[in-house]
Every structure is written in C-alpha cells, then in structure tokens.
Amino acid sequence: MHVDFILNLIGYTEDQPLYEKRLLEPSFGGGDFVFPIVERLLRTWHASKNEKSIVEALGDSIRAVELHRDTFTATREGVIERIKLAGVALKSATALADRWLMQGDFLLTPPAGPFDFVVGNPPYVRQELIPDVLLAEYRYRYPTMYDRADLYIPFIENSLLRLAHGGGLGFICADRWMKNRYGGPLRDLVSHGFHLKIYVDMVGTPAFHKEVIAYPAITIISREKAGPTRIAHRPAIDRKTLLKMARELRAAKLYAHSEMVRELPRVTNGAEPWLLESRDQMALIRRLERQFPTLEATNCRVGIGVATGADKAFIGDFETLDVEPDRKLPLVTTRDILSGEVHWRGQGVVNPFADDGPLVDLERYPRLRRFLEARKDVIAGRHCAQKVPANWYRTIDRITPSIAQKQKLLIPDIKGKSHIVFESGKLYPHHNLYYITSEAWDLRALQAVLLSDVTKLFVATYSTKMHGGFLRFQAQYLRRLRLPLWENVPEALRKEFKDAARKRDLRACNNATFKLYGLSREERAAVGGNGD
C-alpha cells in the first residue's frame, strides 16, 4: 500500500499521460514498485487510444534495474504476465519487458536519463559486506559515499542526478542519512539544485517486509528551486488515510488547520542535519546555534570508551586479572551506571599500551605475555590483528590510562532519555559509553545541562530515533551541542546547576538551563520543558 502512496506523492497517477513520461526504478527486487507502475502505465495507455504499437509507444517509459540474476529473472516473468493480463500478445509483452528491465549494477551501468520520475526502495548494504575493490570504485564514482555510508547513499545520489528538471524522486529508505555524519555530502547535494518537497516519517508503520532498526522515511525530492517542505508523521497504513494524506501533501496550498500535514521553511541547509521537528523547535535550535559555541569550543572534549575486539580475552575481574599491576585498569560499563550513579562491579581491562602511546614490549612484562599468549587464538584472529600480525595483542582502540584518572561524564550510546552519569576519575570507560571531560566547565554543572530537556531536544533533532523512541547519544551529536563559556555563567547559576545535578532533580536542571540559554516563555513551551 505504501507503494501506491509514493506513486501518488510524486504524481505518477492515472490522470496524467504516463505514456509520455519516463520512470526509473534503480533496484526493483521482487517487483513491489515495478508491478503497480506497469499496471498504471498500461491503463493510461489503453485509455489514450494511441494508434502507435504498444512497444513503440511505451518502450522508453520504464527503466528498471536489478543486480541479482535470479531475482531479475523471476520479476521479469511477473512483468510479462501483467502485460499479458492487460490484453497484450506474448511477443509484445516480452519485447516490452526486455526494453524496460535491465540486469546489472545500477551504480556501475546506470540507464541513460533524464527521467521524469525515480521511485523505489534502494538497497541497504553496509560497507563491510562490499568487496574492497568494488567499494573503492563506488567511492571513486560517488562523492557522497563518505565515511561509513551505506549503499543506499550513492543510489540516492545517482538517482537524483538522472532526474529531468522538474522531475521527482520518491524513495522509502532508512532515515539515518538525514542527520548523521555520513549523510553530510548527500544533504549538501540536495540543498544545491533540488527541493525537499515532502518528508513522511514512517515510525511504527509496516513500511518494509522485514523489520529494520532505524526508522524508515518516505522522501520526495524534486529537481527544481528549493522551497518549503511538507511534513507528515506516522500515517495509518490504510487506503483512505493515505489517499487523504497524499492529497494534502501535494495540494497547491497547505490546507488550513490540517491535522495531518505541516510545512517548514529552509529544512535543507548545506551539509547540516535536517531539522524536521516543529517550526518553534527548529527556530530555537537555530537561535542557539547562532548564539553559542559548540561543546568542544568551550574546552570540553567528547570521547568513546575502549573497544577491544575480544572482550572475553581482555576483560575480567580486576583483582584476578593475572598481569602486572600497571597493565590493567578498572573498567566502567553501562551496567555499572544503570541507576544513574556509578556502582562499579569490579571489572577490569588489560592494557597492552605504554603510557606514551606504543604497544609495550611483552618481554618486559612476563605475566602480561603469558596472559595474552594463553588467549592468542582469540586475540590474533581479530581483523585488526590480522592486518598487522606483529601487533596481534593490541586492542582495537588505543588505551590512554590518563583518561581513567580524569573526572568525566558517562553517556550510554542508546537511551530513551538523557542518562548522564558523573564519574570521579577512577575508571576507564567501555566502548558502549561516550564520555565528556572538561578543563573549564564544572562537570557537575555540565551534568545538569546535559540532563535537561534542552539537551534532549538537541539530540532528538540531530540524531535518528531508534525503536521504542530511543535516542542515540553519539559523539557526532554531542559535539553539536551548544554551550556558553563557563566564565560567562553567573556564580548563583553555577551553584543552582551543581545542586540540581547532585540531587538529580530534573525540574531544577530544566529551570537552570532555561536561564542559561535565556529561553523565552514561547521557547520553553517549544522545548516542552518541565520547568516552573
């Protein structure tokens, strides 16, 4: 049903002369999009009373690509059957299918444009699953294949560039790229020469055949001058609701008092994350971005705990880890901070690094050598060890012992709400924990700011939501937080923050944070803050 919704949103509807248009589907799979596209096209063709042969008239109307040969073959048969059901002879049906369908890699041999429409569900494939040579070729061809971008990113880039002027793209895919680091170059491309016309949040809807962690979204992008974006959230997946929503989203003028659709100006802003929240919330975020420096510009630092690649080998009970005393560190994990305070369970991590950076010489540490060699099969089998066999005993991340000795705020990656825990400078963070240290801000005061609804709004705005409404408090989002310089915080407000943090009084954290940022009554209402 969502396929018909997307086709309606981009204007591929039977009241249009579809036989005069060109449509691209870059990864047709089992035919979820191709089958209804073919049926709509054939119905408009028959209604047109066109005297050309059907192959001559419709041969260029569709270009659909599929990489996997078996899937291509099965879907091709389904397309031929649907053409035959429309009263077309087998020979012509086969000729049309062979004109319309291509077997190959869309990123390497895309069909020639331009196209009036591009629709589909691009493949979601992580980089780790792509052969190195092929990944290098994709990176060479597609500038948006940046950082840890998944395969759907270059699919979107390639599709956008094949649009005719005025043409529209309608994709349903994971929404990660709209806010996270690797989506920056693609967002920048969209902001130059394209219009983000429609965004439909598909949270909690059966948008895909199989469940995905990151919520999917429907995105309609046209190749024309940028303008306001129509936004809708979590539609009921029934025909009546989707038809009504499509009419509102495509209306020449936004319906007055619409309960389903709202409109936001200037959602795209170069490579910046798309702010798709309410108009008031977006205005507040933009004001704070203009007025205050980023977190790290206030002399705070964001880091992530150690990833070992083999926790069972490197981590154990601190007291019984049989290595030299300076080769182990007490470790804090997410389980230690579930209560909101640190309750250390006695875990430790073996440290193979010298304090000044390089790996230690195992000959100088006989207990460490015996410990590691007893677990060598596991440790040396990791990818990082196989890349440099001489360094087989390193952890994935370098361990810097001085981090354990610094006061820090600990923040789990995924959380339903702000979960910011003060640690007094005794423990080293595990890899599921981000941490913040500061040479300027008092960390108890900073804890109160980070526990506030203002920080939650920042993170919710910049990050992608996960199932259950959980937010990702990742370093890339934490670094985007805005904060005044500590020297500009009045003494009375400093005390207010520290008291609120020690008591974990969220109302007091909000009240102090509202004062810190100078929020007006209207801005407080936009935050939804729990202040007085």
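The values are calculated or read from the model by the stated rules, or taken from the named source; none is laboratory data. Since this is a predicted model, take the numbers as computed values, not measurements. When we count neighbours, we look across all protein chains shown, and the Cβ atoms used for this are built from the backbone with ideal geometry, even at glycine. The area values use the complete protein model at the heavy-atom level, side chains included, leaving out ligands, DNA and RNA. Shrake-Rupley method; radii C 1.70, N 1.55, O 1.52, S 1.80 Å.
Are any residues in the range 389-400 loosely packed, with under 10 Cβ neighbours inside 10 Å and either of a type in the set (A, V, I, L, M, F, W, C) or touching a Phe, Trp or Tyr at 6+ places or on another chain (Cβ under 8 Å) (or both), and if so, which ones? Don't jump to the end; show me each part of the working.
The initial filter retains those residues of the range 389-400 that are loosely packed, with under 10 Cβ neighbours inside 10 Å, namely 389-390.
The one that is loosely packed, with under 10 Cβ neighbours inside 10 Å and either of a type in the set (A, V, I, L, M, F, W, C) or touching a Phe, Trp or Tyr at 6+ places or on another chain (Cβ under 8 Å) (or both): 390.
Among all residue pairs at least 6 apart or on different chains, which show Cβ distances below 9 Å where the first residue, located in the range 451-462, is in contact (Cβ under 8 Å) with a residue 60 or more places away in the chain and open to solvent by 10 Å² or more (accessible area, probe 1.4 Å) and the second is part of a helix (DSSP H, G or I) and among the β-branched types (Val, Ile, Thr)?
The qualifying pairs are 453/513; 453/527; 457/285; 457/527.
Can you pull out the helices (runs of 4 or more DSSP H) entirely within the range 475-521 that have at least 2 residues that are closer than 24 Å to residue 296 by Cβ, free of Cβ contacts under 8 Å to residues at least 24 places away in the same chain and open to solvent by 50 Å² or more (accessible area, probe 1.4 Å)? I'd like the intermediate steps shown before the answer.
Values: elements: 475-478, 491-503, 506-517.
Of the helices (runs of 4 or more DSSP H) lying wholly inside the range 475-521, none has at least 2 residues that are closer than 24 Å to residue 296 by Cβ, free of Cβ contacts under 8 Å to residues at least 24 places away in the same chain and open to solvent by 50 Å² or more (accessible area, probe 1.4 Å).
Run residue 370 past the list (1) under 16 Å from residue 427 (Cβ atoms); (2) part of a helix (DSSP H, G or I); (3) charged (D, E, K, R) and report the number of the one that doesn't hold.
All conditions pass for residue 370, except number (1).
Here is a yes/no grid of residues against (1) of a type in the set (Gly, Ala, Ser); (2) at pLDDT 95 or above; (3) under 32 Å from the mean Cα position of the chain (by Cα):
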position: 494; (1), (2), (3): no, yes, no
position: 497; (1), (2), (3): no, yes, no
position: 502; (1), (2), (3): no, no, no
position: 505; (1), (2), (3): no, no, yes
position: 516; (1), (2), (3): no, yes, yes
position: 522; (1), (2), (3): no, no, yes
position: 529; (1), (2), (3): yes, no, yes
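Looking at the range 216-271 only, could you name the residues that are part of a loop (DSSP other than H, G, I, E, B), closer than 18 Å to residue 173 by Cα and touching an Asp or Glu at 6+ places or on another chain (Cβ under 7 Å)?
Across the range 216-271, the qualifying residue is only 234.
Scan the range 270-291 for residues that are over 21 Å from residue 201 (Cα atoms) and either open to solvent by 40 Å² or more (accessible area, probe 1.4 Å) or of a type in the set (D, E, K, R) (or both) and report the count. First the steps, then the outcome.
So the first thing to find is which residues in the range 270-291 are over 21 Å from residue 201 (Cα atoms), and the list is 270, 284, 286-291.
Within this subset, residues satisfying the condition of being either open to solvent by 40 Å² or more (accessible area, probe 1.4 Å) or of a type in the set (D, E, K, R) (or both) are 286-287, 289-291.
Count: 5.
Within the range 299-335, how many residues are part of a loop (DSSP other than H, G, I, E, B), touching a Lys or Arg at 6+ places or on another chain (Cβ under 8 Å) and touching a residue at least 60 places away in the same chain (Cβ under 8 Å)?
Start the filter on the range 299-335 by keeping residues that are part of a loop (DSSP other than H, G, I, E, B), which leaves 299, 305, 307-310, 318-324, 333.
Now narrow it down to the ones that are touching a Lys or Arg at 6+ places or on another chain (Cβ under 8 Å): 309-310, 318, 321-324, 333.
Among the residues that remain, those that are also touching a residue at least 60 places away in the same chain (Cβ under 8 Å) are: 309-310, 333.
Residues that pass the stated criteria total 3.
Just the residues that are touching a residue at least 24 places away in the same chain (Cβ under 8 Å) and either buried (at least 21 other Cβ atoms within 10 Å of the Cβ) or aromatic (Phe, Trp, Tyr) (or both), please, taken from the range 137-150. Quick ask: steps written out before the conclusion?
Of all residues in the range 137-150, those touching a residue at least 24 places away in the same chain (Cβ under 8 Å) come to 137-138, 141-144, 146-150.
Result: 138, 142, 144, 146, 149, 150.
Could you check the range 249-266 and list, in sequence order, the residues that are more than 29 Å from the chain's Cα centre (by Cα) and of a type in the set (D, E, K, R)?
In the first step, residues of the range 249-266 are kept if they are more than 29 Å from the chain's Cα centre (by Cα); the result is 251-253, 255-257.
Of everything in the range 249-266, just one residue is more than 29 Å from the chain's Cα centre (by Cα) and of a type in the set (D, E, K, R), namely 253.
If a residue has to be among the β-branched types (Val, Ile, Thr), at pLDDT 90 or above and out of contact with any helix residue (DSSP H, G or I) (no Cβ under 8 Å at 6 or more places or on another chain) to count, how many in the range 220-266 make the cut?
Result for the range 220-266: 2.
When the residues of the range 49-72 are narrowed to those that are polar (S, T, N, Q) and under 16 Å from residue 83 (Cβ atoms), which ends up modelled with the lowest pLDDT?
Step one: of the range 49-72, the residues polar (S, T, N, Q) are 50, 53, 61, 71.
Remaining after also requiring under 16 Å from residue 83 (Cβ atoms): 50, 53, 61.
Values: 50: 75, 53: 90, 61: 97.
Taking the candidates together, the pick is 50.
Within the range 425-442, which residues are open to solvent by 60 Å² or more (accessible area, probe 1.4 Å) and within 21 Å of residue 494 (Cα to Cα)?
Listed by number, the list holds a single entry, 439.
Pull up the range 177-199, narrow it to residues that are over 23 Å from residue 472 (Cβ atoms) and assigned to a loop (DSSP other than H, G, I, E, B), then point me to the one that is most open to solvent (accessible area, probe 1.4 Å). Spell out how you get there, then give the answer.
Of all residues in the range 177-199, those over 23 Å from residue 472 (Cβ atoms) come to 189, 191-195, 197-198.
From the residues that got through so far, the ones that are assigned to a loop (DSSP other than H, G, I, E, B) too are 192-194.
On the way: 192: 119, 193: 49, 194: 8 Å².
By that ranking, first place goes to 192.
From the list 363, 296, pick out the single residue that is in a helix (DSSP H, G or I), in contact with a strand residue (DSSP E or B) (Cβ under 9 Å, 6 or more places away or on another chain) and open to solvent by 50 Å² or more (accessible area, probe 1.4 Å).
296
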